[in-house]
Ligand SMILES: [Fe+2]
């Protein structure tokens, strides 16, 4: 398993975000059994942003390729590939990579995949713990100039809310 600390500068906001997603994943795993796989998926979900692994330049694909190469099981690989509506974003921004996803979004297909998106949606860009509403507001503000991302977020919001309702109790 890759350790995110080895692949980002120590003061990188992206690293702080990944660490917070992993922290949230550990809390969830303490209350719902994933055999440690949710923490592993959290470690890989944004590692595709690291310079060393940015092959396609679309981080969910690069992270999933890396997870598979490192021996992660198919469920972890799929969770990374589909996290937080990545397929929808891919179709809008990187149609050249659509073939990596197949015909449907699989973000909702397993508890592991939903839980990873939950942990991501509860973590801010600098490692803050956020509510889903705060996370969405932050995305809308930071990516105001990126209509593809804003449209994808709007499309997926009902699913994000369903996921949040499923797991939120585990944080209280
Ligand atoms: Fe993330």
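The values are calculated or read from the model by the stated rules, or taken from the named source; none is laboratory data. These numbers were taken from a predicted model, which means no experiment stands behind them. FYI the Cβ positions are ideal-geometry reconstructions off the backbone, even for glycines, and counts take in every protein chain you see.
On inspection, residue 21 fails the criterion of being assigned to a helix (DSSP H, G or I), farther than 18 Å from residue 86 by Cβ and modelled with pLDDT of 95 or more.
Scanning the range 32-55 for residues that are closer than 27 Å to residue 155 by Cα, within 14 Å of the ligand (Cβ to nearest atom) and not in a helix (DSSP H, G or I) yields a single hit, 46. Scanning the range 34-76 for residues that are crowded, with 21+ Cβ neighbours inside 10 Å and farther than 23 Å from residue 13 by Cβ yields a total of 2. You will find that of 143, 83, the residue that is touching a helix residue (DSSP H, G or I) at 6+ places or on another chain (Cβ under 7 Å), without any contact (Cβ under 8 Å) to a residue 12 or more places away in the chain and within 16 Å of the ligand (Cβ to nearest atom) is 143 and no other. For the range 56-67, the count of residues that are within 14 Å of the ligand (Cβ to nearest atom), without any contact (Cβ under 8 Å) to a residue 40 or more places away in the chain, within 17 Å of residue 121 (Cα to Cα) and not in a loop (DSSP other than H, G, I, E, B) is nonzero. Restricting the first member to the range 119-138 and to residues that are in contact (Cβ under 8 Å) with a residue 60 or more places away in the chain and under 17 Å from residue 41 (Cα atoms), and the second to residues that are in a loop (DSSP other than H, G, I, E, B) and within 12 Å of the ligand (Cβ to nearest atom), the beta-carbon pairs closer than 7 Å and six or more apart or on different chains are 122/130; 123/130.
Among residues of the range 3-12 being part of a loop (DSSP other than H, G, I, E, B) and within 15 Å of the ligand (Cβ to nearest atom), the one that is surrounded by the most Cβ atoms within 10 Å (Cβ to Cβ) is 8. The residues of the range 1-17 that are farther than 22 Å from residue 68 by Cα and touching a helix residue (DSSP H, G or I) at 6+ places or on another chain (Cβ under 8 Å) amount to a single one, 9. Residues in the range 103-154 that are in a loop (DSSP other than H, G, I, E, B) and within 26 Å of residue 35 (Cα to Cα): 105, 106, 107, 108, 109, 110, 122, 124, 127, 128, 130, 131.
Looking at 89, 15, just one residue is over 18 Å from residue 117 (Cβ atoms), within 14 Å of the ligand (Cβ to nearest atom), buried (at least 17 other Cβ atoms within 10 Å of the Cβ) and at pLDDT 95 or above, and that residue is 15.
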